Amino acid sequence: MPIKHRVGVIGAGAAGSMAAIFAARHGAEVLLLERTRDGGRKILISGGGRCNVLPARVDETRFVTDSSPNLLRKMVRSWPLAEQIAFFEQELNIPLAEETESAKLFPVSNKARDVRDGLLEHARSEGVVVMLNKQVVGMAPQGAGWRIETSSDAPIDVDRLIVASGGLSVPNTGSDGSRLSRLNVMGGCCGTDHRHVEQIAKACLPVFHAAT
């Protein structure tokens, strides 16, 4: 009988919710820890509150990297766009429609909340334990796994740890980069191939036009 790993995911945004869903699908016991009371707050403000879920078409030439171009191509092709669309429409029951001028896919409802709620509800349906209002204050290797310290309750021990707590782009949504700083402090504790987190900068910032 295969061993059932316990996986901790820090951050219930888009990346964390998806990571939790697919870890649970592969047989893991998954704990999804979120510092806010509802999670997915950057989803709620994306696309002007409508949430541009996916591109209508994928052009590999528009993806750039400082790493291996071959690795990037493999990543882009690993989950074909048609399968991603099917995930949202058939599994999350969120029909999508193309906005032709931007070539982006939005929920037909034009409500970002439907996307956020759909991801978290689907995670729960896959058996993920969603832990809201759970502030992570520390994480460190513990034996063959990891120990997660929170601001309340006892430490949580897991076999695998996924940090999806966001960068610096919108701090009032919970994405303030605090976990990245913690990873950098930990340095090379995770093996010889561990890299420091360097040059942390904001990304995906909103742009406003100042009226004259």
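Just so it is clear, none of the values below were taken in a lab; they were calculated from the coordinates. Being a predicted model, the structure only gives us computed values, none of them experimental. Glycine also receives a Cβ, built like all others from the backbone with ideal geometry; neighbour counts cover every protein chain displayed.
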TODO: Can you pull a Stokes-Einstein diffusion coefficient for segment 18-109 at 20 °C (1.002 mPa s), Rh from Kirkwood over Cα pairs, as a whole number of µm²/s?
DONE: 138 µm²/s
- [ ] Go through Lys74/Lys111; Lys4/Lys42; Lys42/Lys104; Lys4/Lys134; Lys111/Lys134 and tell me which ones have a Cα-Cα distance over 28 Å in this structure.
- [x] Lys74/Lys111; Lys4/Lys42
- [ ] May I ask you to derive the relative contact order of segment 52-110, considering only C-alpha pairs under 8 Å and at least 6 residues apart, and to give it as an integer percent?
- [x] 44 percent
- [ ] Can you tell me the order of 62-73, 20-31, 84-95 when each peptide is scored by its average per-residue count of other Cβ atoms within 10 angstrom, highest first?
- [x] 20-31, 84-95, 62-73
